[in-house]
Amino acid sequence: MTDLAQIAKIPNVASAVLGDLAGGFYDAIRVADGESIAAVTGFISTSLVDAGEQLGLGPLGRVSLAGASRACIIAVVGGSVVTVSVEPPGSLPAVERALDTSSGARG
């Protein structure tokens, strides 16, 4: 699920950024400031991974956030973090299903 070109083909995906848990930036599609997004989502993901471990939830797979005009999926794959912006936010479940299908995951 770290192939941004494949992710970008999913309907309603506005942009995608690939980074790591340390906030490093690797690649971006359809976004001007991928470096900032990678830094923020790396920090958020690290915090959520730590919280999940403390709560006994196991490894973090994916977190979804939705606002009034857009939604965001943050997926942790190994040490990589993929951030997917979704517009409109109501299409979030369909994009999540498409990501599951493309990665072979079940959720």
Portion, in percent, of the accessible area of the chain that falls on carbon or sulfur, probe 1.4 Å: 58 percent
Assigned charges on the beta-carbon of Lys, Arg, Asp, Glu; the chain dipole about Cα centre (debye): 340 debye
The chain - accessible surface per residue (Å², probe 1.4 Å): 54 Å²
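The values are calculated or read from the model by the stated rules, or taken from the named source; none is laboratory data. Quick caveat, the model's predicted, so the values are computed rather than measured. When we count neighbours, we look across all protein chains shown, and the Cβ atoms used for this are built from the backbone with ideal geometry, even at glycine. Surface areas here come from the heavy atoms of the whole protein model, side chains and all, with no ligands, DNA or RNA. Shrake-Rupley method; radii C 1.70, N 1.55, O 1.52, S 1.80 Å.
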